[in-house]
Amino acid sequence: MSLRLRRHIEEIVTLTDAEFDYVLPHFESKKFKKHQFVVQQGNYVDQEYFVLEGLLKSTYLGDDGKEHILQFSMENWWVTDYQAFNNHEKATLNIDCIEDVTVLVLTDFNKSKLCSEMHKMEHFFRIKTNTGYVGLQQRILSFLKFDARSRYMHLIEKYPQLYQRVPKTLMASYLGVSRETLSRFTA
């Protein structure tokens, strides 16, 4: 568990053993079962999650009761309702488990503490935030620039493991198509 976190951080910054020994206790390991909520719409959010094992989905429940999938999060990804987390507001998203999940939990307090005390961790989180922003921008642009089949092909090319792990109904919802349309793409 700690080795995976260290490898992940060291993709961006190098830590000495002493530095990592300081970082690690700021995280808490937690397990969630399939279909369990990690974040629930309407609740306050003061935690961010680093996924060690499993798969989650972040969704928005519209006024019409329709679930809109914003993203999937798998191993080595960070996830939370960032609007609620950063602004100390109630969640507008639900984040629940598609599979059993193990995460490392980082509270807002501990993240702020790490960033104020260690420039390397502040740099790490800045890069992760920028990378997430770029990913979100690419997702929005894909809906503006590409048809559904092209979005599907791009998703499978970029994240082939998702195709095996995400139920087809959820995959269709994420791509903004019906289950039947998705079936035509895979035929």
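The values are calculated or read from the model by the stated rules, or taken from the named source; none is laboratory data. All figures in this text were calculated on a predicted structure; none of them were measured in a lab. Backbone-built Cβ (ideal geometry, glycine too); neighbour counts: all protein chains shown. SASA here: full protein model, heavy atoms, side chains in, ligands and nucleic acids out. Shrake-Rupley method; radii C 1.70, N 1.55, O 1.52, S 1.80 Å.
So which residues in the range 145-165 are surrounded by 11 or more Cβ atoms within 10 Å (Cβ to Cβ) and more than 19 Å from Arg179 (Cβ to Cβ)?
Across the range 145-165, the qualifying residues are Phe146, His154, Tyr159, Gln161.
Go through the residues of the range 51-68 one by one and say whether even a single one is within 20 Å of Ile127 (Cβ to Cβ) and among the aromatic types (Phe, Trp, Tyr).
no
Can you pull out the residues in the range 1-31 that are of a type in the set (S, T, N, Q), outside any helix (DSSP H, G or I) and in contact with a strand residue (DSSP E or B) (Cβ under 9 Å, 6 or more places away or on another chain)?
Scanning the range 1-31 gives a single hit, Ser29.
Show the residue pairs that are 6+ apart or on different chains and have beta-carbon atoms under 7 Å apart, the first residue being within the range 131-154 and under 19 Å from His68 (Cα atoms), the second being of a type in the set (S, T, N, Q).
Ala148/Thr181; Arg151/Ser142
Do we have Ser142 as within 26 Å of Arg165 (Cβ to Cβ), open to solvent by less than 30 Å² (accessible area, probe 1.4 Å), of a type outside the set (A, V, I, L, M, F, W, C) and at pLDDT below 95 here?
In short, yes.
Having 1 or more residues that are within 20 Å of Phe50 (Cβ to Cβ) and among the polar types (S, T, N, Q) is the bar; report the helices (runs of 4 or more DSSP H) wholly within the range 118-180 that clear it.
Filter on the range 118-180 gives 119-145, 160-165.
In this structure, is Asn86 under 19 Å from Ile127 (Cα atoms), in contact (Cβ under 8 Å) with a residue 40 or more places away in the chain and surrounded by fewer than 18 Cβ atoms within 10 Å (Cβ to Cβ)?
no
Strands (runs of 3 or more DSSP E) wholly in the range 53-116 with at least 1 residues that are under 21 Å from Tyr152 (Cβ atoms), at pLDDT 95 or above and in contact with a strand residue (DSSP E or B) (Cβ under 9 Å, 6 or more places away or on another chain) - which ones?
In the range 53-116, 56-61, 67-73 are the strands (runs of 3 or more DSSP E) which contain 1 or more residues that are under 21 Å from Tyr152 (Cβ atoms), at pLDDT 95 or above and in contact with a strand residue (DSSP E or B) (Cβ under 9 Å, 6 or more places away or on another chain).
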